[in-house]
1. Along the Cα-to-C-beta direction of Arg354, a point sits 7 Å from the Cα; which residues of the stretch 249-263 have their amide N less than 16 Å from that point?
2. Count neighbours as other Cβ atoms within 10 Å of each site's Cβ, and list the trypsin sites (Lys or Arg not before Pro) in the stretch 285-348 that are DSSP loop with at most 16 such neighbours.
3. Taking the Cα atoms only, what angle lies between the long axis of helix 240-251 and the longest principal axis of the chain, rounded to 10 degrees?
4. Would you mind ranking Leu204, Leu246 by Cβ crowding within 10 Å, fewest neighbours first?
5. Could you give the radius of gyration (one decimal) and Dmax (whole number) of the Cα atoms in the stretch 352-434, in Å?
6. Have a look at Thr105, Thr126, Thr383 and tell me which one the Gaussian network model of the chain (Cα, springs below 10 Å) gives the largest fluctuation.
7. If each of Ser73 and Gln100 carries a label point 7 Å out from its Cα toward its Cβ, how far apart are those two points in nm?
8. Just report the Cα centroid separation between the stretch 84-129 and the stretch 191-225, whole Å.
Amino acid sequence: MSADLHDTFVLRGGRIIDPASGRDEVGDLFIQDGRVAEQAGAGPRAAEIDCTGLVVSPGLIDIHVHFREPGQSAKETIATGARCAAAGGFTSVVCMPNTQPTVDTPSVVAWILEKAAREACVNVFTTGAITKGLAGEELAPIGSLRRAGVVAITDDGHCIQSAEVMRRALEYARMFDLVTMDHCQDYSLVGKGVMHEGRWSTVLGLPGWPAAGEEVIVQRNALLAELTGAPIHCQHLSAAGSVRILREARARGVPLTGEVCPHHLALTDESLQGFDTNFKMNPPLRSPEHVEALYEGIADGTITILSSDHAPHSPHEKEVEFDQAPFGILGLETEFALFHTLLVRQRAVLDLPRLLALLTVNPARLLGLPRGTLEVGAVADVTLIDPAREWEYDVARSPSLSRNSPFHGWKLTGRAVRTIVAGKTVWAADEDRG
């Protein structure tokens, strides 16, 4: 019987890192009835899990995933997406609203939350659409979506082109204490682009996607956040100018935040030489100078959140000509390991406590999620991490229904080895076939 099948157990002898409280020490974490407990309350007969050599972290949080339900369950379901999250060490995820139907009515919100409660092994939160049908024209019923349970609003996968519509959305979002998350893409600049506009788009003969297509919207968002006082979170940033604009806005106290995904750090536009559609994502992989700017933004605290943009697609959708394939890749299982390998081990941009802050307390605070800490009384969502573990990612063994990852066969360092949600293990490395 697994130790955490008991109502009370102890995670013994691990390095406890809780960025929310500043705790970083080797010690024991006591869990009782699904919550973090005082040592005295745990009792002398508590079962134990030996955590020697492991990091005991608050459960990791990803605020940008696509689980494809309702409407596209051949790509992913809430259940399979949740298993991917657990295998990556994530105990909480926030789903995007570009499903079929769109999450633009309370009834769809209720359907997702009820299905997640029944079938998901991790905490599944959902966003609502900013506009009806993600069309960028008529506002969705933001107050009703909030009452139904959304934790943010976004038209992710689309971008509102009208500054007036975006302004009104922000004013409503502020009334209901919601963060607006934005997929930053100026359609008139991006056009039919499928990869970063630069040397490699010219060499490969593929339509280019200029970095300015992102930067223009980030600048607009900075101005609108300053005008309205409403927070805007810029999703999956990829361009150097976006980091510069974000840095300058935050220095003025503008409520603007941004996130970065691992593929925009690990890969460049040169990766597209083989026309492999698993390297096609939105926004596209950029040139090295843009990648360096992302690293700098993470190092100096401009970028405060990391995410995956986990975007499953069925194999037949990706097995077409490059410009016809959908954008998006899998991300949850490799996310922590890639960030740890790149940011901590290779580049020393962050230490482990700072990395964990970007994956726990920062996203929790941004969206007001009741997670992200190991303080006494908190829900016992915990990720056990082996920072020295070397492993190879095999996408064929993924719990996902899709296989669209550019990281198959990559050797990585650092892995979640046990994922605990409300005091129950939902995934463990020794039980994984991969």
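Here, each number is a calculation from the coordinates, and none is a lab measurement. All values reported here derive from a predicted model rather than from experimental measurement. In this analysis, Cβ positions are derived from the backbone assuming ideal geometry, glycine residues included, and neighbour counts consider all displayed protein chains.
1. 260
2. The qualifying sites are Arg347.
3. 70
4. Ordered by Cβ neighbours within 10 Å, fewest first: Leu204, Leu246.
5. Using the Cα atoms of the stretch 352-434, the pair Rg, Dmax is 14.8, 41 Å.
6. Between Thr105, Thr126, Thr383, it is Thr105 that shows the largest mean-square fluctuation.
7. 1.4
8. Between the Cα centre of the stretch 84-129 and that of the stretch 191-225, the gap is 30 Å.
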